[in-house]
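Remarks on the structure that follows.
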Ligand SMILES: [Zn+2]
C-alpha cells in the first residue's frame, strides 16, 4: 500500500485536547504514522497549503439505496409520506438498489463522509457498492417481525447469513437493523440481542421518531418505547438508536445507564415535521453518546454531513432560545468522535491521531465562504461556513477515494447515468 504525505494543512485533530495544528500528515499502511513537521518523503505527496483537514465524517443513520428516490415523497403529511415511500419501495429491483447505493456513496465521498451506518434489506447489494466506493459501511440488515416483511425467509436469519459472509472485514461491517418497535416484537428484539451478543454486531434501530409511535406503543404495552426496551433487557452498549426525539428524562437516563448511543437526525425530523426535537442538551448532561445521521434521501433529501452539523446546532439553539446549547465544537464532536464511539470504533477512527486509520477530508480553505482562516475559528468555519462543495480530497483507510475533486473509486458519469435510469424505472 502506497505511503502518502499530506503537506502544510491546518489540521483539526479532534484529539483529547482538541488541538488545531498547522503541519503535515504521514500515512503508512492505511494508518496515520506521523503528524506535525514530517521530514522525508512518501510514495505520493499531496499539497494542502491553505486547506483544512478534518477526520472523515461519520453518518450514523442513513438508507443510501434510497438516493434514487429523491423528490418522490416531498411535502406530504407523515402518513401519506409513509404510504408513498412504501409503495415505491415495494417496486425496487436489485439493479436500482445497486444504482442507488452507488449514487449514495458518490454523494458521501463528495461531502466528506468516510464511514456510514446503513439500514435496509438487501445489504448484500449495498455492500457491493460500498466496496467499489472505498468507504467504510456499517451495514445493518433490516430485521422485523415476519408478518410485516417483504423479505424472503426470516429477516434475522438473512442478517446472520450476511454477517457470516462479511465477518472480520474492516470496511464492510455487518450490523442488525431493527426497524422499530412498531414492527418488532419483544421476541425479535431479544433474538437480535442474542445474535449481537454472540457476534459482536451493532444493533441499530429507529426509536421514538414520532409522537404517534410513542403513544401507540404506550397504549399497547403501557410503556413508552425506550422504557420498554430497557425493561425487556434489550438496551446496551452495542445499541445505536436513530432519531430519539420523543423521550422523557427517565428514558434519557435509561439510555445513559445502558451505554446506548443515539443518532440525531435534525433535517429528517424537521422535513417530516414530526414535531420532535431530540433532547440533545439533556442527553449530553446525562452522558448519552451522541452521533449525527442524515437519514435517507426521501426525508432529507441529502447525505451532506457538513450541512447536518450546522442544522443540528441551529435547531437546538433556536429551540431552546439559547445560542450556547450546542457549540460548533460539540457538533463536530458528534459527527466524528461520537459516531466512532457509537460503532465501537473509537480506537480506529473519529480523530486524526497517530495509529488511527487514515480517514481524512481535505477542505479547500481558500474558498470565499470559508476564508479568512484563523486558528481560533477554524472549527466554527467547518460547522457554520463549509459545505460539500468545499471538499477537495477524501482519503479513507489510507486510500484516496477523491483527489482534487476527481472521484477515483467510482466512475462518476456511469453512476449518475445508471441512477437516472433507476429513478425512471421506479416512477414508470
Ligand atoms: Zn431512518
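Observations, loosely collected:
- Residue in segment 330-351 that is surrounded by 24 or more Cβ atoms within 10 Å (Cβ to Cβ) and within 16 Å of the ligand (Cβ to nearest atom) present: yes
- Failed item, numbered, when residue 291 is tested on (1) surrounded by fewer than 24 Cβ atoms within 10 Å (Cβ to Cβ); (2) outside any loop (DSSP other than H, G, I, E, B); (3) within 15 Å of the ligand (Cβ to nearest atom): (1)
- Check on residue 237, more than 19 Å from the chain's Cα centre (by Cα) and under 26 Å from residue 332 (Cβ atoms): no
Results for (1) assigned by TED's automatic domain parsing to the domain that holds residue 295; (2) assigned to a strand (DSSP E or B); (3) away from the ligand (no atom under 16 Å from the Cβ); (4) farther than 17 Å from residue 411 by Cα, shown as yes or no for each residue.
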position	(1), (2), (3), (4)
79	yes, no, yes, yes
96	yes, no, yes, no
102	yes, no, yes, no
114	yes, yes, yes, yes
125	yes, no, yes, yes
130	yes, no, yes, no
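- Sole exception among (1) without any contact (Cβ under 8 Å) to a residue 40 or more places away in the chain; (2) within 16 Å of the ligand (Cβ to nearest atom); (3) surrounded by fewer than 21 Cβ atoms within 10 Å (Cβ to Cβ) for residue 278, by number: (3)
- Enumeration of residues in segment 200-233 that are away from the ligand (no atom under 16 Å from the Cβ) and under 22 Å from residue 155 (Cβ atoms): 200, 201, 216, 217, 220, 221, 228, 229, 232, 233
- Any hit, segment 191-210, residues being buried (at least 24 other Cβ atoms within 10 Å of the Cβ), part of a helix (DSSP H, G or I) and out of contact with any strand residue (DSSP E or B) (no Cβ under 6 Å at 6 or more places or on another chain): no
- Number of positions in segment 397-428 that are under 20 Å from residue 128 (Cα atoms) and part of a helix (DSSP H, G or I): 12
The values are calculated or read from the model by the stated rules, or taken from the named source; none is laboratory data. Keep in mind that this is a model prediction, so the values were computed, not measured. Don't worry about glycine lacking a Cβ; one is built from the backbone with ideal geometry, like all the others, and counts go over all protein chains shown.
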